[in-house]
Each structure stands twice: as structure tokens, then as C-alpha cells.
Amino acid sequence: MNAIFEKVKNRSPYASETTESTIENPPEEIIIVQPIEEDAFIPVETKPLPIAATSKTAFEILIEKEIDTMLQFSIRKGKKIIAEIGSLVETKKLSQKIVLHEMRRDAIHPVTPKSIDYVNQYRDNTHARVVLLSLPTFRQFTIIAIVSTILTILGYCLLESDIFTGKYTFTDIALLIINQVYTVATAFLGSMLYFFPKLIKQVNNSTLTAHKIPFYWLAIFLGSISAILLINTKVFAPYLIDDTLLHNLFIALVCGFIADILYGNIQAIAQL
């Protein structure tokens, strides 16, 4: 009986043969992820920037630049600046800036903002004075004047003075060549004597511009060629002094003056 009781006891539902098992795979923690916004992947630099409402046009920028150029010129030259200009300079209205621009143009005429900018390229580091040798046209004028002076002196010594009398004998062809070189050199020297002061004056007054340079050369060549023709034909020989050098220089100066008048008219027509 005891044996049967032990078997029944072992089969009782209250007795469990299983042991507690360890949890090998615990449940994973659930994380709620927020949705990604669409703009997150747009680079910052590609996003459109707000357009400034006060952006200036190219015309307004040009007006302001020329006003500043003319005011600096007036201060450097010691010209009178009225008190009303102060309020007009500080204004933001384009119409008032145009009025100020016209006022300054009338005050500095015949100087223009373009001529001021051209001459200012050749000023020294302090902007106090113009370095004339840095101006290409002035250097070219100087070279022509020096060469013309040397050839004029040489021709005068060979043809007019007594320095080489009895020492050298020239053929007719050689004399013709020397005489023509002397005439051409004198004609160009006379033209340079007329246009050199004019160029320096325009640089000093800031009225020279780049588009005037070709007309300068046109006037020089026109005056020189006219002087060469008049000297060779000896049209004014009976009415002038006997000294050939002064005679030629005087004719060249007159031709340079006439060429300058024509030069001014041609330049005025070209600017129409």
C-alpha cells in the first residue's frame, strides 16, 4: 500500500517536475521615433535668402560714385561747396541725388567725372599731384620733342651756322636730305612747343580724357605736315625775318594753332 501511495503522490498535479528557466531573450525596448521633416535634407546654402528691399540699381550706384568723385575734386581744388549739399548727400532719394549730380557738374564744368577719373590714375600715392611721366602721352610728347630738338640743332649747325664751313663738303643730294630732315624736325618741334603747354594745362585742370588723345595726335600731325609744306614752298619768306630757324618755328606754331582749331571742331563733331 505504501508503494502505491508514493506513486500516486508523485503524480499529483501540485507537484511540478519543471524548474524555473532563466529568460535568455528579454523583450526589446520599443522607441518611438518622430517623423523626419522634409526640409531637414535641404542644404542651408541652397535655401533661398530673403531679397533686400533696399537694393540699389546700377544707375544709382553710378550716380553716387560720380557725386563722390566730383566732391573730392572740388575739395582738392578748393572750390566753394554750399551748405545745401550736405543734406543732399545724406538723402536716400534718387531724385535728389540726380539734382545734386547736376549741381556739381555745373559747378566744375568743363571738368567731368570721366576726366577726373582718367587723370586720377596718374596721381601719386597721396593723390596730391599728377606724375606727368607716368602719363603715356606726356612721355611720347617728350620723346618727340627731344628728338626734334636734336635734329633741329644738328640741321641748323650744318646748314645755317659757320661751324662746319670749309671743313665738310656735301653733295646736292646730301644737302637736300639734311635740309628736309631739318625742316621736318623744326615743324614737329614747333608743334610740340604749342601742344606741350596745352597738354600740361589739361592734366592740371583734370579735363583730359582717353578719347581726346587720338585727336591730339591728329592735330600734331596735321599742324606739322602743314608747316612742312609752307616751309618748303616759302610762301611767307618775303614777310618774315631772315633767320631760317625762327622762320620755321613761327610757321610751325601758327600751323599748330590752326590745327588746334580744326582739332576742336573735329572733336566736337565726334561727340555728337
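The values are calculated or read from the model by the stated rules, or taken from the named source; none is laboratory data. Keep in mind it's a predicted model, so treat the numbers as computed, not measured. Here Cβ is always computed from backbone atoms with ideal geometry, including for glycine, and neighbour counts include all displayed protein chains. These accessible areas exclude ligands, DNA and RNA; they are computed on the full protein's heavy atoms, side chains included. Shrake-Rupley method; radii C 1.70, N 1.55, O 1.52, S 1.80 Å.
Determine, yes or no, whether LEU94 is more than 17 Å from ASN205 (Cα to Cα) and surrounded by 15 or more Cβ atoms within 10 Å (Cβ to Cβ). Answer is no for this residue.
Residue pairs whose Cβ atoms lie under 7 Å apart, sitting 6 or more positions apart in sequence or on different chains, and linking a residue in the range 149-163 that is loosely packed, with under 12 Cβ neighbours inside 10 Å to a partner that is of a type in the set (A, V, I, L, M, F, W, C) and at pLDDT 75 or above, are ILE163/CYS157. Of all residues in the range 203-217, those that are over 17 Å from VAL130 (Cβ atoms) have Cβ atoms under 8 Å from Cβ atoms of residues that are open to solvent by less than 60 Å² (accessible area, probe 1.4 Å) and among the aromatic types (Phe, Trp, Tyr), 6 or more apart or on another chain, in PHE215/TYR263. Which of the residues that make up the range 36-88 are modelled with pLDDT of 80 or more, open to solvent by less than 100 Å² (accessible area, probe 1.4 Å) and of a type in the set (Lys, Arg)? Within the range 36-88, ARG76, LYS77, LYS79 qualify. For the range 236-269, the candidate set comprises residues that are in a helix (DSSP H, G or I) and at pLDDT below 65; within that set, the residue that is least open to solvent (accessible area, probe 1.4 Å) is ALA237. Go through the residues of the range 124-139 one by one and say whether even a single one is free of Cβ contacts under 8 Å to residues at least 24 places away in the same chain, surrounded by 13 or more Cβ atoms within 10 Å (Cβ to Cβ) and either of a type in the set (Val, Ile, Thr) or closer than 22 Å to PRO197 by Cβ (or both). Checking the range 124-139: not a single residue is free of Cβ contacts under 8 Å to residues at least 24 places away in the same chain, surrounded by 13 or more Cβ atoms within 10 Å (Cβ to Cβ) and either of a type in the set (Val, Ile, Thr) or closer than 22 Å to PRO197 by Cβ (or both).
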